[in-house]
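Peer 1: Structure below; questions to follow.
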Amino acid sequence: MGTGLPLEGLVVVAIEQAVAAPFCTARLADAGARVIKIERPEGDFARGYDDVVAGQQSSYFVWLNRGKESLVLDLASETGKQSLRDLLGTADVLVQNLKPGALDRLGFGIESLRREHPRLIACSINGYGESGPLAERKAYDLLIQAESGLSSITGGPEEPARVGISLVDIATGATAHAAILEALIGRSISGRGAAISISMFDVMADWLTVPLLHHEGGRSPKRIGLAHPSIAPYGVFRTREGKPILISIQSDREWAKFAAEFLRDPTLARDPRFATNVARVANRAETDGLVAAAFAALDASGAEERLLRADVAFASVNDMAGLSGHPHLRRITVETPAGPVSYPAPAPIVDGPPRTYGPVPALGGSRAAAAAAPQEDA
């Protein structure tokens, strides 16, 4: 009996490790695709990133490999290569994040694969693209955060900082996922597969368009912590007892209401120093000073009551304990080799039967492994 999931029946071969490619293929597995994860004999190195899940499993691996099968292949051996050839003959999608040229050297160049399998959608993820001076470099998340300039606009004034999650990897995986779905739609129309190449650097450069344009327009962004470089007031202010609350004023109309309801001074909406966002940013210290004084005169409940009355967007400045107990946190539970694990649910909520999420595989745990085992070298 079918699952009714949109990608049911599709076969995905994933020659992957770390985060970016596994993020992409985990989403394909969630949607019903059969994802066969090819691992080295020692396994995806993300299996060893940490041991925080049940005291023995990697948080990264448990998060990004649910619903997949693990097939151990030594692609340096002829039997391993033959097993991969057999799999690719049945595959709809190939996702790989080996170094540029590595697949060619193994005898599986994308061009030749597509000639042999015209309906195959092959997605290659790399650091800096297929050519250029940095194409051969290893590329990991934090390296691209630094190389792209993302870290230069992250953190406080003192020094650059890492974004607190693997943002480059996640963004690249999400971009690959979207590109593969586009290619599947295209194949349903034309019958032809596609070759997709996605570099982590390109993904971040795209996402950094706004700060880049600010720089090229003569207003290079500065690091200002939990504030917005081009909108004011947009930042953290503390109440009388010291509770931090982050507020965001997105328009001059919102400012006028905020001035009247929260600051209790409607004339600030007409004051040329504050009447427009451009003026408020130019006079940020004075703007923030007015807001900070108003917050400091109120306790947290009073401040939140005024913010709600003024229809101002605001948020608590939470930590992971705050997220863990948050009333809006949706969770799923997946089976792992060490038992069930609960963690945040994928964001899309799709009408229809409730989604189920497959288990995290042990190394070599797959239907394909049983079929391939007799062919493996002793």
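Each reported figure results from applying straightforward, stated rules to the coordinates on display, with no laboratory input. Quick caveat, the model's predicted, so the values are computed rather than measured. Heads up, the Cβs are rebuilt from the backbone with ideal geometry, glycines too, and the neighbour counts pull from every protein chain shown.
Peer 1: Using only the alpha carbons of the stretch 234-316, what is the convex hull's orientation-averaged projected area in square nanometres?
Peer 2: If I average the Cα hull's projected area over directions, I get 4.5 nm².
Peer 1: Calculate the spin-label point distance for Ala205 paired with Glu261, positioning each point 7 Å from the Cα along the beta-carbon direction, and give it in nanometres.
Peer 2: Modelled inter-label distance: 4.4 nm.
Peer 1: I've got another one for you. How high is the relative contact order of the stretch 135-197, in percent, counting Cα pairs under 8 Å that sit 6 or more residues apart?
Peer 2: Relative contact order for the stretch 135-197 comes out at 22 percent.
Peer 1: Quick check on the stretch 123-282: of the DSSP beta bridges with both residues there, what percent are antiparallel, nearest 5%?
Peer 2: So the antiparallel bridges amount to about 60 percent of the total.
Peer 1: Here's a follow-up. Can you tell me the length gained on complete extension of the stretch Lys99 to Glu136, counting 0.36 nm per residue apart and subtracting the Cα distance?
Peer 2: The span from Lys99 to Glu136 would gain 12.6 nm if fully extended.
Peer 1: OK, next. Which distance in nm do the two modelled labels at Arg309 and Ala279 give, with both placed 7 Å along the Cα-to-Cβ direction?
Peer 2: 2.5
Peer 1: Add +1 for every Lys or Arg and -1 for every Asp or Glu among the other residues with Cβ under 13 Å from the Cβ of Asp288, and state the total.
Peer 2: +3
Peer 1: Still on this structure, I have one more. Taking Cα centroids, how far is the stretch 7-37 from the stretch 283-303 in Å?
Peer 2: Cα centroid to Cα centroid, the span is 49 Å.
Peer 1: Here is a further query. Compute the helix-to-body angle for 284-296: its Cα long axis versus the longest principal axis of the chain, expressed 0 to 90° and rounded to tens.
Peer 2: Helix 284-296 sits at roughly 80 degrees to that axis.
Peer 1: Also, I was wondering about something else. What's the FRET efficiency of Val350 with Ser77 using the Cβ-Cβ distance as r and R₀ = 56 Å, to the nearest 0.05? Before the final figure, lay out the partial values.
Peer 2: Values: r = 41 Å, r/R0 = 0.74.
It comes out at approximately 0.85.
Peer 1: So, in nm, how far is label Ile332 from label Ala174 when the simple model puts each one 7 Å beyond its Cα toward the Cβ?
Peer 2: 1.6
Peer 1: I want to check a number: in the chain, how many lysine pairs have alpha carbons closer than 29 Å, given a sequence separation of 8 or more or different chains?
Peer 2: Summing the qualifying lysine pairs gives 14.
Peer 1: Check each of the trypsin sites (Lys or Arg not before Pro) in the stretch 151-210 and keep only those in coil by DSSP with at most 16 other C-beta atoms within 10 angstrom; list them in order.
Peer 2: Arg162, Arg192
Peer 1: If amide hydrogens are placed 1.01 Å from N in the peptide plane, which non-local residues have theirs closer than 5 Å to the one on Val35?
Peer 2: Val12, Glu69
Peer 1: Do you know the relative contact order of the chain, to the nearest whole percent, from alpha carbon pairs under 8 angstrom that are 6+ apart?
Peer 2: 18
Peer 1: If you stretched the chain out fully between Tyr343 and Arg40, how much longer would it get, using 0.36 nm times the residue separation minus the C-alpha to C-alpha distance?
Peer 2: Taking Tyr343 through Arg40 to full extension adds about 106.4 nm, to one decimal.
Peer 1: Need the full-extension length gain, Thr90 to Thr154, defined as separation in residues times 0.36 nm minus the C-alpha distance. One decimal, nm.
Peer 2: Numbers: separation 64, 0.36 × 64 = 23.04 nm, distance 4.45 nm.
Using 0.36 nm per residue and subtracting the Cα-Cα distance, I get 18.6 nm.
Peer 1: Taking Cα pairs under 8 Å and at least six residues apart, what relative contact order does the stretch 205-311 come out at, in percent?
Peer 2: It rounds to 26 percent for the stretch 205-311.
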